[in-house]
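> Questions regarding the structure given below will be posed in turn.
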Amino acid sequence: MELKRAVVTGLGTINPIGNNLQEFWGNLEKGVSGCELITSFDTEKFKTKFACQVKNFDSLQHFDRKEVRKYDPYCQYAMVAAHEAMLDSGLDVNTVDLDMAGVIWASGIGGIHTFMEEVKGYFAGDGTPRFSPFFIPKMIADIASGHISIRYGFRGPNYSTVSACASSTHALIDALNLIRLGKATIMVTGGSEAAINEIGVGGFSAMQAISTNNAEFKSASRPFDGTRDGFVMGEGGAALIIEELEHAKARGAKIYAELAGGGMTADAYHFTAPHPEGLGARNVMLGAIKDAGLKVEDIDYVNVHGTSTPLGDIAECKAIEKVFGEHAYKLNISSTKSMTGHLLGATGALEAIATIFALKTGIIPPTINHKVADPEIDPKLNLTLNVAQKRNVNAVLSNTFGFGGHNSSVVFVKYQG
């Protein structure tokens, strides 16, 4: 059986450095930090007082009041990102086969804001269980994919992927494989997250996973830097329209890139810490490159998971050196989490868009906030520090790794016509 090819025909996002695609791309190139002091709750008693929040978002500009009551913030971000991607794609739902159009949407946590508010309300009361009828359907991690499919009438494959921070890259790979196998011609895919609240920040803080650098919060997300002390939480959503190549060509669609391959592995090592030698990361990159039908020398840029954690950044750099050998020193490598923070389950989709930006423009987005070299990271690696770099880009790799040892990587290549 000959596999069909999949291309990207639409993009959309709302995130800490952009409330739409063009704003995001512009700030990626400029190296803008999306970090600020948390405004959504009182952080006086919290060790971490900052995060990368979505800015200037008014839900009533996108939804009516009845819809706002039904959608958790993570779902609102999903709907906004998917809507922009659909408009960007030029798809007309009146002319496509709705049975061959589907949605795979990811979230590592889902409606944690709704969960928190409902539980707070219960314990503030007299013990009578007065819960909103929207509580469960607002909270569950699969509801965003359901709402997106309802909005556009897409009756094809529809579900959610949950694999912590690897979630939306797994969603991309599933969408790719459904199109390859002829199970769908159009897939809306991506991820969203809205966990910057008391229990989200408090929970990650208890794990000692997030930065506490309140004195330098604007630059606290500093992947590869010798003074990094944890990741910075982010929020938002990112959507990609993945389409079967011949279907896209037949309607004269704009094509951003070809989604050429994906890899999925497990560390099988520890529930939160990465394998110290980057074993799972090495295997997933090799798997994605092989699945794309490429050689390691074909890759020009790697958008790394690069969370700014002490262990994770070292393990990923070691894995890159093992995968690419001498070619590792010819690559551009960068972590756009230095700008956006870590969007948890949405990070893979957002960073897929960032890699497509590099592929389309020939501009590698930088790793910002770097000041101090880490002696455990090879100085010969080009980590694209602090300033964007121009180069010829034909194939890119994007990595995402999640708690539980989940690893996923995708490869995009320039569409040649």
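> Here are some residues: 410, 393. Which one is in contact (Cβ under 8 Å) with a residue 24 or more places away in the chain and assigned to a strand (DSSP E or B)?
410
> Oh, and also: Anything in segment 293-311 that is surrounded by fewer than 23 Cβ atoms within 10 Å (Cβ to Cβ) and small (Gly, Ala, Ser)? List them, or say none.
Selection gives 293 alone.
> Looking at (1) open to solvent by 10 Å² or more (accessible area, probe 1.4 Å); (2) modelled with pLDDT of 95 or more; (3) on the phi > 0 side of the Ramachandran plot, which is the only condition residue 417 fails?
For residue 417, the exception is condition (2).
> Condition test on residue 216, is it without any contact (Cβ under 8 Å) to a residue 24 or more places away in the chain and out of contact with any strand residue (DSSP E or B) (no Cβ under 8 Å at 6 or more places or on another chain)?
yes
> Something else: Looking only at segment 381-390, which residues are in a loop (DSSP other than H, G, I, E, B) and either charged (D, E, K, R) or open to solvent by less than 60 Å² (accessible area, probe 1.4 Å) (or both)?
Answer for segment 381-390, where residues must be in a loop (DSSP other than H, G, I, E, B) and either charged (D, E, K, R) or open to solvent by less than 60 Å² (accessible area, probe 1.4 Å) (or both): 381, 382, 383, 384, 388.
> Scan segment 230-244 and give yes if some residue there is touching a residue at least 40 places away in the same chain (Cβ under 8 Å), open to solvent by 10 Å² or more (accessible area, probe 1.4 Å) and of a type in the set (Val, Ile, Thr), otherwise no.
No, there is no match, as no residue in segment 230-244 is touching a residue at least 40 places away in the same chain (Cβ under 8 Å), open to solvent by 10 Å² or more (accessible area, probe 1.4 Å) and of a type in the set (Val, Ile, Thr).
> Consider segment 6-52. How many of its residues are under 25 Å from residue 188 (Cβ atoms), assigned to a strand (DSSP E or B) and touching a strand residue (DSSP E or B) at 6+ places or on another chain (Cβ under 8 Å)?
11
> Inspect all residues belonging to segment 58-72 and state whether any of them is more than 22 Å from residue 354 (Cβ to Cβ) and crowded, with 21+ Cβ neighbours inside 10 Å.
Initial filter on segment 58-72 (more than 22 Å from residue 354 (Cβ to Cβ)): 58-72.
If we keep only those that are crowded, with 21+ Cβ neighbours inside 10 Å too, we end up with 71-72.
Yes, segment 58-72 contains at least one residue that is more than 22 Å from residue 354 (Cβ to Cβ) and crowded, with 21+ Cβ neighbours inside 10 Å.
> I'm told residue 403 meets every condition in (1) open to solvent by 30 Å² or more (accessible area, probe 1.4 Å); (2) hydrophobic (A, V, I, L, M, F, W, C); (3) modelled with pLDDT of 95 or more; (4) under 24 Å from residue 274 (Cβ atoms) except one. Can you identify the failing condition by its number?
Among (1) open to solvent by 30 Å² or more (accessible area, probe 1.4 Å); (2) hydrophobic (A, V, I, L, M, F, W, C); (3) modelled with pLDDT of 95 or more; (4) under 24 Å from residue 274 (Cβ atoms), residue 403 violates only (3).
> Anything in segment 327-371 that is part of a helix (DSSP H, G or I), open to solvent by 10 Å² or more (accessible area, probe 1.4 Å) and closer than 24 Å to residue 256 by Cβ? List them, or say none. First the steps, then the outcome.
Here is the first cut: in segment 327-371, the residues part of a helix (DSSP H, G or I) are 327-329, 337-340, 344-361.
Subset that is open to solvent by 10 Å² or more (accessible area, probe 1.4 Å): 327, 329, 360-361.
Of everything in segment 327-371, those that are part of a helix (DSSP H, G or I), open to solvent by 10 Å² or more (accessible area, probe 1.4 Å) and closer than 24 Å to residue 256 by Cβ turn out to be 360, 361.
> While we're on this one: Can you tell me which residue among 254, 322, 290 is basic (Lys, Arg), open to solvent by 50 Å² or more (accessible area, probe 1.4 Å), in contact with a Lys or Arg (Cβ under 8 Å, 6 or more places away or on another chain) and not in a strand (DSSP E or B)?
Criteria check complete, one pass: 322.
> How many residues, within segment 76-111, are surrounded by fewer than 24 Cβ atoms within 10 Å (Cβ to Cβ) and closer than 20 Å to residue 170 by Cβ?
Looking only at that region, the number is 1.
> Determine, yes or no, whether residue 44 is over 20 Å from residue 350 (Cβ atoms) and open to solvent by 80 Å² or more (accessible area, probe 1.4 Å).
Yes, satisfied.
> For the condition surrounded by 17 or more Cβ atoms within 10 Å (Cβ to Cβ) and not small (Gly, Ala, Ser), what is the one hit in 378, 374?
On the way: 378 fails: surrounded by 17 or more Cβ atoms within 10 Å (Cβ to Cβ).
Exactly one residue qualifies, and that residue is 374.
> Also, I was wondering about something else. Considering each residue of segment 28-60, count those that are of a type outside the set (A, V, I, L, M, F, W, C) and touching a helix residue (DSSP H, G or I) at 6+ places or on another chain (Cβ under 7 Å), and give that number. Lay out the reasoning, then the answer.
We begin by selecting, within segment 28-60, every residue of a type outside the set (A, V, I, L, M, F, W, C); these are 29-31, 33-34, 36, 39-40, 42-45, 47-49, 53, 55-56, 58-59.
Applying the additional criterion that residues be touching a helix residue (DSSP H, G or I) at 6+ places or on another chain (Cβ under 7 Å) yields 31, 33-34, 47-49, 59.
Matching residues across segment 28-60 total 7.
> Further, regarding this structure: Looking at residue 160 and the list (1) touching a residue at least 60 places away in the same chain (Cβ under 8 Å); (2) touching a strand residue (DSSP E or B) at 6+ places or on another chain (Cβ under 7 Å), which single condition is not satisfied?
(1)
The values are calculated or read from the model by the stated rules, or taken from the named source; none is laboratory data. From a predicted model like this one, the values you see are computed outputs, not experimental measurements. Methodologically, a virtual Cβ is constructed for each residue, glycine included, from the backbone with ideal geometry; neighbour enumeration extends over all protein chains shown. With ligands, DNA and RNA removed, areas are computed over all heavy atoms of the protein, side chains included. Shrake-Rupley method; radii C 1.70, N 1.55, O 1.52, S 1.80 Å.
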